[in-house]
Amino acid sequence: VDGGDGLIGTSVFAPASTPANQILELSHLVLAVCAGIFVVVAGLLVWCVVRYRHRPSDGPGDPPQVYGSNQIEIAWTIVPLIIVFVLFLVTARTLVALQTPGPQAGTLEVTVVGHQWWWEVRYPGLGVVTANELHVPAHVPTVIALESADVAHSFWVPRLAGKTDLIPGRRNRMWIRPLEPGTYLGQCAEYCGTQHAHMLLRVIAHPEGEFERWAAAERGPAVEDPAVADGRALFESTACVNCHRVGGTPAAGSFGPDLTHLMSRTTIGAGAAENTPANLRAWVHDPSTLKPGARMPAMQLRAPAVDRIVAYLETLR
Amino acid sequence: VSTLEHAVPARPVAAASLPARLHGWVVTVDHKRLGIMYVTSALVFFAIAGLEASIIRAQLALPGNDFVSPQVFNRMFTMHGTTMVFLVGMPMLLGIGNYLVPLMIGARDMAFPRLNAFGFWLFLFGGLLLYFSFLGGDGLYGAGTAPDVGWFAYSPLTGRAFSRGNSTDYWILGLLVSGFGSITTAANLVTTVVTMRCPGMTYGRMPLFVWLMLVDAVLVLFALPPLTAAQVMLAFDRWLGAHFFDAQAGGSALLWQHFFWIFGHPEVYILILPGFGFASEIIPVFSRKVIFGYPMMVAATVTIGFIAFGVWAHHMFTVGLPPVANGFFAGASMLIAVPTGIKIFNWLATMWGGRIRFATPMLFSTAFLFQFLCAGLTGIMLAVAPFDWQLSDSYFVVAHFHYVLVGGLLFTIFAAIYYWFPKATGRLLDERLGRWHFWLLVVGFNLTFGPQHLTGMLGMPRRIYTYLPDRGWDGLNLVSSLGVPVQAAAIAIFAWNLIRSLRSGAPAGDDPWDAWTLEWTTTSPPPAYNFEELPEVRSRRPLWDLKHPEDPDWRHE
């Protein structure tokens, strides 16, 4: 399920991280056991249907009545009990392995906060805040703390790990360890309102060294480009700044995504559209054209004003 | 069985006017008429829920489709799920139970006939109240909106901050009212089975369907009140400033999930146990063999009833429970497979060595066995907590519970309708139309829900109104949607079969299937008093004893 342009699919059968790998190993065993049971039981059913269907040659009267058999019934109680016991043991082993990872030196800690309908990504140790794209180093574990700013969400990047919910008032933890650099797709997996479908997420696993360069660039303030000074002034004089933050400027809102390095991101609206100038313009004009129900209101700006703001936004690399 | 020896007077021809007849239905306390009204109302709600599902599948047929808005889509899956569970499944099963239990235990009516009528009307008006939201909901998006919070209505999405207007209140009140109806009917069923069995019918001689309904009703009595309580708490949160589920004010959003699933998981067994009951009556009759291992079947049923209350958090493996809790609920959920497996093996053993007649009820029961086997196996996969972290809330879960509730339960309901329709109306349903109904439904159902196992494993979450074309989900979704018209054709044929057979079906006689339980000893349809003389039984199959005096069952039990 390779999407071609560097995007990789979301199949649980193509794990690329330690937890997803361990889950797939366990699920191979479970699938094999279930397939075995299926073949036996479905086979018996087919045999009954074929062999014991009424035939004209059967003649009148009913077949011999069999009321039960203690031996047989005990057998098909004990055998499933044994299978269940084995499955329980392997389940418990994987549970412990994945839920109680020991202390790992040098582990990156990230906090992901779910919002209707986007992801806030904070790196407390690095002083970086971004949205909808989680950048991590490949080959080393990253611990992800999960919180919610409003309703329940669920963090699911199938190739990296199983899902974990973001629930208001709780701080859940999970971890990933991507085994190769790349872009891994995911999305919110707990229904969270109108635009649950457009709460997409991507995890970018960087090769060694590259993650630090990315973090250094993200940590810096916004680029100042005198050519778009009027766009910036307009941005800072409208309601944009009530919700959005642009580092190093008076824009310090926290309700919407941080825009300091907006242009480093591939999509806008948490995956609702590609991050292109045309889409940005449409979004600033009226987000509901790209994402009906989005929390950001139409800003009621005339076209020239939208153009100036978009020109400013496009400099936020 | 003495009734057979008496001529039962034919039912007087209905000569009354239409208003008088309708009035008769409205004021009736007869368990049979109430049962028929339950089933009829459930079928109407079934058609509505099917329409909602069709809208869902039409929207998802293609990536990026804009057949409906996200708001409409979210209302559709909320109302589809809520309707199917509370207004189709529950009333259908309580209704058929209502109709059959007194007949099967040789009683003249339920223990509390007026309470019985009250329960039905509570259910019906609760359902109408829920559907009134389409006109009066006045929610977030303007006038007239149905609930859009999902059928399990997780907090805090249902709080006033996120669900403005009244749509969530309609969800709370509609289900609260119909829930009280279910509780009264369950109390009635338990009392009836405990106190009104005919002479000779010990617990060990009750038909399996009666056992299943008894355990089912007990589950309703213990499972529904937690939901009712949680809904009252939610109403308090919304209207009286309480903070049970409001995390920002010290409440717990997670608490709702616990309350809901403490109801919600037993609810799954409440829905499927009567289906087991139908299969346990129909499979022996059409295999021409006594049920294999009756005591074990009863024991398995009671075991399922107990375990049902200890597995709720397998719906919550992803909420961040500690490993010990996850392990406990995984183990308990897997344990359910043992009694369920016993049932499947006993049904197979009943068919083994039989002379199986594949009339429509048996066709549906056979497909039930196959599809329920699939559902059970995917259930085991979901019980493996780490695997569930991948599968939970994906289309795999959607596939799993539709294999349980449609492939399992709905197929047994159709089996039951084909089997007992002659008893209730005096006319047989048409076999040829029945086979069309069956085969189209088998094909359509598996076409729609089979591929969803894969869509889920390929990473598609449930409840999304659209998806991108680059995820590899397009083809599978299209196949899923193409199954819908096939299923719709099956249901249309079924509706036509019902209408046609009611008017001009072949006369059924008292015992068209050569069956063995007490309801087949009285006329079709039975008189208001069911039995002229209360029967007396000596075994589990009183009619077998009567038909085989040389080798009666009571010699073997």
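So that you can scan it fast, the table gives a plain yes or no per residue for (1) open to solvent by 60 Å² or more (accessible area, probe 1.4 Å); (2) part of a helix (DSSP H, G or I); (3) touching a residue at least 60 places away in the same chain (Cβ under 8 Å):
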position: B:Ser480; (1), (2), (3): no, yes, yes
position: B:Trp496; (1), (2), (3): yes, yes, yes
position: B:Trp516; (1), (2), (3): no, no, yes
position: B:Thr523; (1), (2), (3): no, no, yes
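Name every residue in the range B:412-434 that is without any contact (Cβ under 8 Å) to a residue 60 or more places away in the chain and either within 14 Å of another protein chain (Cβ to nearest Cβ) or open to solvent by 10 Å² or more (accessible area, probe 1.4 Å) (or both), in order of residue number.
In the first step, residues of the range B:412-434 are kept if they are without any contact (Cβ under 8 Å) to a residue 60 or more places away in the chain; the result is B:418, B:432.
Result: B:Arg432, single match.
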Query raised in the report: When you look at B:Arg538, is it of a type outside the set (Ser, Thr, Tyr), within 25 Å of the chain's Cα centre (by Cα) and not in a helix (DSSP H, G or I), yes or no?
Result: no
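Counting just the residues of the range B:479-514 that are of a type outside the set (Ser, Thr, Tyr) and more than 28 Å from the chain's Cα centre (by Cα), which one comes out farthest from the other protein chains (Cβ to nearest Cβ)? Before the answer, list the steps.
So in the range B:479-514, the residues of a type outside the set (Ser, Thr, Tyr) come out as B:479, B:482-500, B:502-503, B:505-514.
Keeping just the survivors that are more than 28 Å from the chain's Cα centre (by Cα) gives B:506-507, B:509.
Details: B:Ala506: 20, B:Pro507: 23, B:Gly509: 19 Å.
Top of the filtered list is B:Pro507.
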Report summary line: Counting only helices (runs of 4 or more DSSP H) entirely within the range B:68-185, those with at least 2 residues that are within 14 Å of chain A (Cβ to nearest Cβ) and open to solvent by less than 10 Å² (accessible area, probe 1.4 Å) are B:70-82
Query raised in the report: Out of all the residues in the range B:321-338, is one or more in a helix (DSSP H, G or I), more than 14 Å from chain A (Cβ to nearest Cβ), open to solvent by 40 Å² or more (accessible area, probe 1.4 Å) and not hydroxyl-bearing (Ser, Thr, Tyr)?
Result: no
Requested in this report: Just give me the residues in the range B:342-399 being outside any helix (DSSP H, G or I) and either at the interface with chain A (Cβ under 7 Å from one of its Cβ atoms) or more than 15 Å from B:Pro284 (Cβ to Cβ) (or both), in sequence order.
Outcome: B:Trp352, B:Gly353, B:Gly354, B:Arg355, B:Ile356, B:Arg357, B:Phe358, B:Val384, B:Ser392, B:Asp393, B:Ser394
Query raised in the report: Tell me, which residue of the range A:182-216 that is more than 30 Å from B:Phe152 (Cβ to Cβ) and part of a strand (DSSP E or B) is nearest to the other protein chains (Cβ to nearest Cβ)?
Result: A:Thr183
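Out of curiosity, is A:Gly162 within 8 Å of chain B (Cβ to nearest Cβ), modelled with pLDDT of 95 or more, within 13 Å of the chain's Cα centre (by Cα) and over 18 Å from B:Phe317 (Cα atoms)? Please lay out each step first, then the result.
Details: within 8 Å of chain B (Cβ to nearest Cβ): yes; modelled with pLDDT of 95 or more: yes; within 13 Å of the chain's Cα centre (by Cα): yes; over 18 Å from B:Phe317 (Cα atoms): no.
Against the criterion (within 8 Å of chain B (Cβ to nearest Cβ), modelled with pLDDT of 95 or more, within 13 Å of the chain's Cα centre (by Cα) and over 18 Å from B:Phe317 (Cα atoms)), A:Gly162 does not qualify.
Of all the residues that make up the range B:439-458, how many are within 14 Å of chain A (Cβ to nearest Cβ), open to solvent by 10 Å² or more (accessible area, probe 1.4 Å) and part of a helix (DSSP H, G or I)?
Of all residues in the range B:439-458, those within 14 Å of chain A (Cβ to nearest Cβ) come to B:442, B:446, B:450, B:453-458.
Checking which are open to solvent by 10 Å² or more (accessible area, probe 1.4 Å) leaves us with B:442, B:446, B:450, B:453-454, B:457-458.
Right, trim to part of a helix (DSSP H, G or I) and you get B:442, B:446, B:450, B:453-454, B:457.
Summing the residues that are within 14 Å of chain A (Cβ to nearest Cβ), open to solvent by 10 Å² or more (accessible area, probe 1.4 Å) and part of a helix (DSSP H, G or I) in the range B:439-458 gives 6.
Conditions (1) part of a loop (DSSP other than H, G, I, E, B); (2) open to solvent by 40 Å² or more (accessible area, probe 1.4 Å); (3) more than 8 Å from chain B (Cβ to nearest Cβ); (4) within 25 Å of B:Pro322 (Cα to Cα), marked per residue:
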residue: A:Val12; (1), (2), (3), (4): yes, no, no, yes
residue: A:Leu26; (1), (2), (3), (4): no, no, no, yes
residue: A:Gly36; (1), (2), (3), (4): no, no, yes, no
residue: A:Val39; (1), (2), (3), (4): no, yes, yes, no
residue: A:Ile82; (1), (2), (3), (4): no, yes, yes, no
residue: A:Leu98; (1), (2), (3), (4): no, no, no, yes
Query - Residues of the range A:47-69 that turn out to be more than 9 Å from chain B (Cβ to nearest Cβ), in a helix (DSSP H, G or I) and open to solvent by 90 Å² or more (accessible area, probe 1.4 Å), as a count - result: 2
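Here's the yes/no breakdown for (1) within 18 Å of A:Met199 (Cβ to Cβ); (2) open to solvent by 40 Å² or more (accessible area, probe 1.4 Å); (3) within 22 Å of the chain's Cα centre (by Cα):
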residue	(1), (2), (3)
A:Gly253	no, no, no
A:Gly256	yes, no, yes
A:Gly269	yes, no, yes
A:Leu280	no, no, no
A:Pro287	yes, no, no
A:Arg295	yes, yes, yes
**Report entry** Selection count, the range A:129-162, where residues are under 17 Å from A:Gly256 (Cβ atoms) and among the β-branched types (Val, Ile, Thr)
**Finding:** 3
Query raised in the report: Can you pull out the residues in the range B:276-307 that are in contact with a helix residue (DSSP H, G or I) (Cβ under 7 Å, 6 or more places away or on another chain), without any contact (Cβ under 8 Å) to a residue 60 or more places away in the chain and assigned to a helix (DSSP H, G or I)?
Result: B:Met296, B:Ala300, B:Thr303, B:Ile307
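The values are calculated or read from the model by the stated rules, or taken from the named source; none is laboratory data. Since this is a predicted model, take the numbers as computed values, not measurements. Note: ideal-geometry Cβ built from the backbone for every residue, glycine included; neighbour counts use all protein chains shown. What goes into the accessible areas is simple: the full protein's heavy atoms, side chains included, and nothing from ligands, DNA or RNA. Shrake-Rupley method; radii C 1.70, N 1.55, O 1.52, S 1.80 Å.
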